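Take a look at the structure below.
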Amino acid sequence: MKTPRLALALLALGGALLPLSTASALTLAKAATLGLPSPNSGLNQGYLPFQSCSSVGNCAVTGIYLGAHSYATGVIDYEVKGVWQRPISVTPPNGYSALKGVTMEGLSCPSNGNCVALGQYASATNQLPFTVTEVNGAWQKGAAVALPVGAMTTGESATPRSIACVSVGNCTIVGTYSTNTIKFATEGFMKNQVHGVWQRAVSLSLPPGTNANPFVTLPQVACWSPTSCVGVGSYVDANNVSHALVVPEVNGVWKRATDVGLPGNASAFAGAQFNEVTCTADGSCLAAGTYNTITGAVQPLVALSVAGVWNRAHEVNLPNAAANPMALFYGFKGVACASAGNCSLGGQYLDQSGHYQGFLDNVVNGNLQRAQVLTLPSGATQSGHNGGVVSISCPSVGNCVAGAAYLNTQNQYVALLATQKNHVWSTGSTVSLPGSATTVGVAGGVYSVQCFTVTTCQASGSYQSGASRYDGFSLVTGA
C-alpha cells in the first residue's frame, strides 16, 4: 500500500501512555466507487494516494490508472458540492510518450474549483515534471515545469515530489533532478508560483562536505504563507552518511538546507531521513522520518520547530517492538498538527512476535508521548506488511482521525478509520467498501483523510474490486 505560538518544551520521551477507547466518534457511510475514464483496466497497483479538499464536498483525488493498451495514465476525480464529476484523463505536455506512462505525485486545492495536480511524464529522452491546473472549475492541459539552470538536457530524470498551495496562484513544488555537472547526480529543486506566475526553479543548497553525488531526497513541502515554506528530506555526505535535512523558505528566499540533530543512540551511519512534514499557521512545524540506532535498528524519529528553529530530533518509543522494528512512514499524510505543539503521527513497525503493527503517537503541548499500537477490531492479529497507519487529520487539539489497514481473520486487508477524541485513540471503524468488495488488497487502503470538524471528514483510497483489479473509493463521515 502502498497555531498562537507556544514555547515548545524539549520533547519528553517519558510522557504518559494515553488510554485507549473502544468508542468511535464517527459514523461511516458505505464508500462509493470513484470513476475512471474509458477504456480502463482499473487503477495501476491501487495507486490513488492524493486527495485535497477546499471544503466539504469539494475535493479532488489523483493517481494512476491503466488506460488504452494498459498504459499508465494520470487520472483526476473531482467533486462539486458533493457530486462527483466525469473523471479527467490527464494530458501531459506536448512530446510525452504514452508508452512510457505518467506518474502523479501530488495535489493541492486552495479554493473551490481551483487546484493544481503534480506529475511526471516521459518524453523521448527525459523524465520531466509537469502540472495540471484547475481554474474556476475547468481543468487545463498539462504544463511543463522548468528545472534549474544546469539540468541535464538529455537523460534527465527529474521527479517532482510534493506541492503545497496556500492560496490561488501561490504554490510551491519540491523535487529532485540531475545536473550536467556530475551526470546522474541527484540534486534537489524548489519552485514557487507567485500571483499566478511560476518563478525560475532554484537548486537546493546543501551543507558543506556533501558527497559528489548527494543522493538528495525531498519528499514533502509544507507552507503557511505564499513566501514561507519548509521542505524536508535527506542527503549523503562525503563519508556516505545519510542526514535528515530541512530547507526553509524565508520571505520568499530559499535558504541553505540544514541538518537536524539526531537522538543520542543514533549510529555513526544513521541513514537518517525525513519522510513527512506539516506546519501550522504560525510556522511551527513537525517532521517525521527514520534513522538507524547503534544496534542497527530502524527507528522512527520526530522533530519540532518553532520560529524557524528546529529542536533535536527524538526517537519515537514503540510498544513491544522487535529488536529491529524496521519502522516506516508511508510518506503521504501520516503527520498532522491542530496547533503549534499539538500533533499526531502514525506509521508501521515490527513487534516482538514478528507481526507488523500500526502505531500512533501524539505530541501534546510540545511533549512527545509514548507511541501506542493501532488497536484492531476483534479477531485481527496484526496490521500486516502492507498495513498500518497511512494518513492522519486533526481538526482540533486532541481530536484526530487516522486512515489505516489491517489483516482480518480471513487474512484479507481491510480499511480502518481510527479516531482520537480528547487525546484518546479508539479502535475506530472498518470501511464498508463499494458493492460486494471485501478487501482493499495488498495495494489499497485509506490513503488520505481530511477532516473539517471532529465528526465530518472526507476519506479516499483504493480497494480490490476484482481478482487483479483496483478501483478508487471515497466516503464522508458523520456524527
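The values are calculated or read from the model by the stated rules, or taken from the named source; none is laboratory data. Computed from a prediction, not measured in an experiment: that's the story for all the values here. Positions of Cβ are backbone-derived with ideal geometry, glycine not excepted, and every protein chain shown enters the neighbour counts.
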| note | Picking from Cys343, Cys337, Cys400, the residue that is within 19 Å of the chain's Cα centre (by Cα), among the hydrophobic types (A, V, I, L, M, F, W, C) and more than 19 Å from Leu301 (Cβ to Cβ) would be Cys400
| field | Residues located in the stretch 258-282, provided they are part of a loop (DSSP other than H, G, I, E, B) and either at pLDDT below 95 or surrounded by fewer than 17 Cβ atoms within 10 Å (Cβ to Cβ) (or both) | value | Gly261, Gly264, Asn265, Ser267, Ala268, Phe269, Ala281, Asp282
| said: Kindly evaluate Leu304 against the criterion of being modelled with pLDDT of 95 or more and in a loop (DSSP other than H, G, I, E, B). | reply: no
| said: As an exercise: evaluate Ser436 against (1) out of contact with any strand residue (DSSP E or B) (no Cβ under 8 Å at 6 or more places or on another chain); (2) among the hydroxyl-bearing types (Ser, Thr, Tyr); (3) crowded, with 23+ Cβ neighbours inside 10 Å and give the number of the one condition it does not meet. | reply: (3)
| query | Being in a strand (DSSP E or B) and modelled with pLDDT under 95, is that true of even one residue in the stretch 246-257? | reply | no
| Across the stretch 343-362, what is the number of residues that are touching a Gly at 6+ places or on another chain (Cβ under 7 Å) and surrounded by fewer than 24 Cβ atoms within 10 Å (Cβ to Cβ)? | 1
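Report the residue count in the stretch 223-241 for those that are of a type in the set (S, T, N, Q), over 14 Å from Thr210 (Cα atoms) and assigned to a loop (DSSP other than H, G, I, E, B).
Qualifying residue count, the stretch 223-241: 1.
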| request: Find the strands (runs of 3 or more DSSP E) located wholly in the stretch 22-114 whose residues include 3 or more that are among the polar types (S, T, N, Q), and list them. | output: 50-55, 102-111
| request: List every residue pair whose Cβ atoms lie under 7 Å apart, where the two residues are 6 or more positions apart in sequence or sit on different chains, the first residue falls within the stretch 222-238 and is more than 18 Å from Arg161 (Cα to Cα), and the second residue, located anywhere, is in a loop (DSSP other than H, G, I, E, B) and aliphatic (A, V, I, L, M). | output: Trp224/Ala281
| said: Given the criteria crowded, with 23+ Cβ neighbours inside 10 Å, in a strand (DSSP E or B), in contact with a Pro (Cβ under 9 Å, 6 or more places away or on another chain) and not basic (Lys, Arg), does Val414 qualify? | reply: yes
